[in-house]
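*Asks:* Encoded as structure tokens, here's the structure I'll be asking about.
The values are calculated or read from the model by the stated rules, or taken from the named source; none is laboratory data. This one's a predicted model, so the numbers in the text were calculated from it and none came from an experiment. For neighbour counting, all protein chains shown are included, and Cβ atoms are generated from backbone atoms with ideal geometry for every residue, glycine included. Note: areas computed on protein heavy atoms with side chains; ligands, DNA, RNA excluded. Shrake-Rupley method; radii C 1.70, N 1.55, O 1.52, S 1.80 Å.
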Amino acid sequence: LFTIPIIDVSLFMQQNNIDAFYQAIGIAITIAIHSDIPARIIAMGNKPVWIQFNKNDSIIDIIQHFFVSISPIQNYCGDYYNTINFIINGIHNSFSTSRFTDQLNIVFLSDFYTNIHDIDIQSLFIINQFFTSPYVFYWNFSTNNILYINTPVNNQKIRFSSGYSIHMLHDLNQIITLQQNSFFSTYQAASLALHKKYNSFDYYLSSISSS
């Protein structure tokens, strides 16, 4: 599955919660290893950069390479607008098909401190002469901020997630798999994760009421 993890490496992201930042790095690496766009992460600072590694490298080597790569681009805020244009230009330059764009998954791992709510990513793709747009996952790692997105509620290619548990990767993988095969709404994607989290509690309440 074609998935690009984009990790916010701004100082605000790190100051929000350093443990959440480290967790985001681990999740971005895990997504990249299992993507059909092999072993690549986009780091988003004052400008975006591709970080490519070898799947056979040790985790220590990958982390060291990551921090060396992000050192020149760290700033207080991540530049979402230039990052999306960076992806759009990359797709244009690679002469990718509309099918590729339609099945592409962009996963933002961020605290969304800055102006992502001013950017309609789907509209940017259409303006740049794409017939379709990718799926966009907004994974909020903030422990303080509420995430505002400038996107129509009925846009069915938008996904939302929050928290920094590694177990949420299972939900991400399941949603990506399901949406490739059939229509899968934003509501269904949210429900899938929420229902599973509360199933154990529901079973427990059911067992009490039946006893």
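*Asks:* Hey, any idea what % of region 2-87's accessible area is carbon plus sulfur with a 1.4 Å probe?
*Replies:* Using a 1.4 Å probe with all protein chains present, region 2-87 comes out at 53 percent carbon and sulfur.
*Asks:* Further question: Once you have a ≥ b ≥ c as the square roots of the Cα gyration tensor eigenvalues for region 39-92, tell me rounded if a/c is under 1.5, and otherwise prolate or oblate according to whether a/b is larger than b/c.
*Replies:* On the way: a/c = 3.69, a/b = 1.44, b/c = 2.57.
Taking the square roots of the gyration eigenvalues as a ≥ b ≥ c, region 39-92 is oblate.
*Asks:* Applying a 10 Å radius around every beta-carbon, put 21-33, 51-63 in order of their mean neighbour count, most first.
*Replies:* 21-33, 51-63
*Asks:* Something else: Based on the alpha carbon coordinates of region 76-127, what radius of gyration and maximum Cα-Cα distance (Dmax) apply, in Å?
*Replies:* 12.0, 36
*Asks:* With equal scatterers on the alpha carbons only and no solvent term, can you work out the Debye log10 of I(q)/I(0) for region 1-132 at 0.13, 0.20 1/Å?
*Replies:* Relative scattering, expressed as log10 I(q)/I(0), comes to -0.53, -1.22.
*Asks:* In the neighborhood of Asn105, defined by Cβ-to-Cβ distances under 11 Å, what is the net charge if each Lys or Arg adds +1 and each Asp or Glu adds -1? Mind dumping the intermediate values first?
*Replies:* Working: positive: Lys157, Arg159; negative: Asp36, Asp102.
Local net charge: 0.
*Asks:* Then there's this: Could you order peptides 156-165, 3-12, 84-93 by the average number of other Cβ atoms within 10 Å of their residues, highest first? Provide the component values of the computation, followed by the final result.
*Replies:* Working: 156-165: 17.3, 3-12: 24.0, 84-93: 15.5.
Highest mean packing first, the order is 3-12, 156-165, 84-93.
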